[in-house]
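Let me begin by presenting the structure, written as structure tokens, before commenting on it.
The values are calculated or read from the model by the stated rules, or taken from the named source; none is laboratory data. All of these numbers come straight from a predicted model, not from anything done at the bench. Cβ atoms come from the backbone with ideal geometry, glycine included; neighbour counts cover every protein chain shown. The accessibility values were calculated without ligands, DNA or RNA, using every heavy atom of the protein model including side chains. Shrake-Rupley method; radii C 1.70, N 1.55, O 1.52, S 1.80 Å.
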Amino acid sequence: MNVSPPVNGDGGPAESAGRIVLLTTSHRVAPGLLSWPAWQMLRGADRIVCADPDHPQLPYLHEAGLTIEHAAPSARDLVDDCVGGRTVVVIPSGESDPQLTDGLAGLAGSGRERMPDLELLPASYDLPGARLLDLVQVMDTIRVACPWSSTQTHEGLAKYGIEEAYELVEAIEAGDRHELREELGDVLLQVVFHARIAEEDPDEPFSIDDVAATIVEKLIHRHPHVFGTETAQTSEDVKAHWLRTKATEKQRESVTDGIPLGQPALALAAKLAARVRTAGLEVGLPASPGGGDVGEQLLALAVRSEAEGTDPESALRAAARAYRDAIRTAEGTD
């Protein structure tokens with residue numbers, strides 16, 4: 001089947017309306033690292049414009065031999081410039097030039113314009129975790145500009161770390177996905193905040209990159225069944241690998257080394273019991289002559305719960321929440 005080309009009012013071939021390409025880039029990716037389709041588009045364009053003379057991509061585009069016009073043409077100007085089949089590439093600023101896109105949408109929606117093809121071409125994409133770079137940048141700004149944040153210390157922030165951790169646990173127990181997402185962000189903020197403060201230490205500074213590098217190295221080293229040649233078929237095998245590796249790294253003499261004694265008592269008892277069980281030790285529980293000490297009874301319950309696969313801290317918290325609900329019901333405040 002033969003397809004005739006478009007014709008104008010005089011019966012001759014109609015001029016092509018051309019193409020407008022909005023070339024978007026991510027500020028979270030190093031400038032110059034553009035996709036191959038983006039480079040092809042830039043090489044073949046009849047005109048490249050960018051309203052921002054300080055756009056981070058420009059030095060790399062100039063280095064590649066491309067000519068970039070520092071101009072902010074209107075939607076009308078771009079449409080007219082494309083007549084005859086020309087391709088115009090627009091590199092938007094960080095704000096995405098809403099005035100231009102709104103103008104193009106208005107012309108296209110009027111029904112009175114023969115519009116060029118409009119194309120959005122992402123030239124670079126964010127990698128997973130890229131928004132963490134935004135968090136680091138915002139934290140840098142806050143640390144300098146905020147009167148409260150600029151004076152904080154590790155010691156002053158310590159209580160907030162504990163509070164945020166408890167609020168995270170509460171969100172998990174409540175099953176609230178929105179709250180879980182928010183509380184995870186609050187915990188992450190504590191990590192980034194402390195790392196930013198640590199950069200200013202005159203004797204032993206470190207940054208968020210150092211923190212990340214340390215935990216990456218630790219995770220790889222403690223997962224030889226994933227990144228090495230060892231094997232692990234069960235969760236217990238993984239725990240055994242983890243404890244052996246930690247013992248080698250820390251050169252600890254006791255399985256109790258490294259267990260924080262300041263944690264909630266039931267969680268502490270369960271942690272001790274888990275270390276004993278994993279190490280294969282036979283350790284009897286302390287007992288008073290009468291056997292009626294409430295602490296010893298709670299310890300025995302915690303050890304038994306851990307052995308049965310139940311976290312006694314979580315179990316007691318769930319029972320306490322149910323008790324709270326019963327109290328509110330009795331009060332008529334539920």
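The set of residues from the range 229-238 being part of a helix (DSSP H, G or I) and farther than 15 Å from LEU219 by Cβ comprises SER235, GLU236, ASP237.
Here's the yes/no breakdown for (1) assigned to a helix (DSSP H, G or I); (2) surrounded by fewer than 15 Cβ atoms within 10 Å (Cβ to Cβ):
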| residue | (1), (2) |
| --- | --- |
| VAL276 | yes, no |
| GLU282 | no, yes |
| GLY309 | no, yes |
| ALA320 | yes, yes |
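Quickly run through the range 80-107 and pick out the residues that are open to solvent by less than 30 Å² (accessible area, probe 1.4 Å) and within 14 Å of SER16 (Cβ to Cβ).
Hits for the range 80-107 are CYS82, THR87, VAL88.
Residues in the range 108-131 that are over 12 Å from VAL29 (Cα atoms) and either assigned to a loop (DSSP other than H, G, I, E, B) or open to solvent by 50 Å² or more (accessible area, probe 1.4 Å) (or both): ALA108, GLY109, GLY111, ARG112, GLU113, ARG114, MET115, PRO116, ASP117, LEU118, GLU119, LEU120.
Among the criteria (1) open to solvent by less than 50 Å² (accessible area, probe 1.4 Å); (2) of a type outside the set (Val, Ile, Thr); (3) under 25 Å from ARG317 (Cβ atoms), the one HIS225 does not fulfil is (3). Considering the range 245-259, and only residues there that are more than 15 Å from ALA274 (Cβ to Cβ) and either in a helix (DSSP H, G or I) or not charged (D, E, K, R) (or both), the residue that is farthest from the chain's Cα centre (by Cα) turns out to be GLN251. Could you please find all residues in the range 188-216 being touching a residue at least 24 places away in the same chain (Cβ under 8 Å) and either surrounded by 15 or more Cβ atoms within 10 Å (Cβ to Cβ) or touching a Pro at 6+ places or on another chain (Cβ under 7 Å) (or both)? Answer for the range 188-216, where residues must be touching a residue at least 24 places away in the same chain (Cβ under 8 Å) and either surrounded by 15 or more Cβ atoms within 10 Å (Cβ to Cβ) or touching a Pro at 6+ places or on another chain (Cβ under 7 Å) (or both): LEU189, GLN190, VAL192, PHE193, HIS194, ARG196, ILE197, ALA198, ILE208.
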